[in-house]
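A quick write-up on the structure given underneath.
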Amino acid sequence: MKLVMAIVSNEDANKVIKKLINSNFFVTKLATTGGFLMSGNTTIIVGVQDDLLDSCINVISESSKSRTKLVPNAISSEFGIFSSMPVEVQVGGATIFVMDVEQFIKA
Ligand code: 2BA
């Protein structure tokens, strides 16, 4: 058995979890914070049988694909704050850790 820990953006979290549940995986959702940006993200943990590991990783990566998004941009100068062209930022993507599980007990 493996333990999959996937860190995804809050924006993608519900979609990833829905897809995992529909594929019969057992899921736990943790509210986490990225150490670099200090903004919220979601860590999803899934205990999976070895033969289902690839399928689990596929579901996560398919529903959290990295993409770009246009966000409003504001410039401040001595004349005040005004908006300019929106800027393109990267969102989404998943950071996935896979660990061996020594024991799995439901007591
Ligand atoms: P990502 O590499 O896609 O990482 C997204 C989030 O995944 C991270 O949020 C962190 O919560 C988690 N994560 C990634 N790699 C990890 C690891 N090896 N161990 C534990 N957790 C991990 P943030 O820390 O807020 O980072 C957001 C984004 O900022 C990162 O996106 C990366 O593009 C950049 N970044 C992070 N640390 C950096 C650093 N030391 N120098 C330069 N850029 C950094």
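Brief remarks on what is shown
- The range 1-96: GluC sites (Glu not before Pro) in DSSP coil with no more than 12 other Cβ atoms inside 10 Å: E78
- Straight Cα distances below 17 angstrom link K15 to the aspartates and glutamates E62, with same-chain residues fewer than 8 positions distant left out.
- The loop-placed trypsin sites (Lys or Arg not before Pro) in the range 27-107, going by DSSP, that have at most 12 neighbouring Cβ atoms within 10 Å of their Cβ come out as K65, K106.
- Equivalent ellipsoid dimensions for the chain as semi-axes, Å, which come from the Cα gyration tensor, largest first: 37, 14, 10
- By the helix-only formula, in which each DSSP H run with n ≥ 4 contributes -39500 (n - 2.57) and the sum is divided by residues, the chain has a 222 nm mean residue ellipticity of -6500 deg cm²/dmol.
- Taking the protein heavy atoms of the chain in the context of the full set of protein chains, the accessible area attributed to carbon and sulfur is 57 percent at 1.4 Å.
- For S63, no residue 5 or more places off, or on another chain, has a built amide H under 5 Å of its own.
- Here's the picture: charge each Lys and Arg Cβ at +1 and each Asp and Glu Cβ at -1 in the chain, and of I45, G92, F26 the one pushed furthest to the positive end of that dipole is F26.
- Taking every alpha-carbon pair under 8 Å whose residues sit at least 6 apart, the chain reaches a relative contact order of 36 percent.
- Cross-link table K18/K69; K19/K65; K2/K106; K19/K69, entries beyond 18 Å C-alpha to C-alpha: K18/K69; K19/K69
- Taking Cα centre as origin and charging only the Cβ of basic (Lys, Arg, +1) and acidic (Asp, Glu, -1) residues, the dipole magnitude of the chain rounds to 320 debye.
- Between 0 and 90 degrees, the angle of helix 10-22 with respect to the longest Cα principal axis of the chain falls at about 30 degrees.
- Accessible surface for L37 stands near 130 Å², nearest 10, in the context of the full protein assembly shown (1.4 Å probe).
- Accessible surface of F97 - all protein chains present, 1.4 Å probe, nearest 10 Å²: 110 Å²
The values are calculated or read from the model by the stated rules, or taken from the named source; none is laboratory data. Everything numeric in this text was worked out from a predicted model, so none of it was measured. Here the Cβ is made from the backbone with ideal geometry for all residues, glycine too, and neighbour counts use every protein chain on show. For the accessible areas, the whole protein counts, side chains as well, though only heavy atoms, and no ligand, DNA or RNA atoms are used. Shrake-Rupley method; radii C 1.70, N 1.55, O 1.52, S 1.80 Å.
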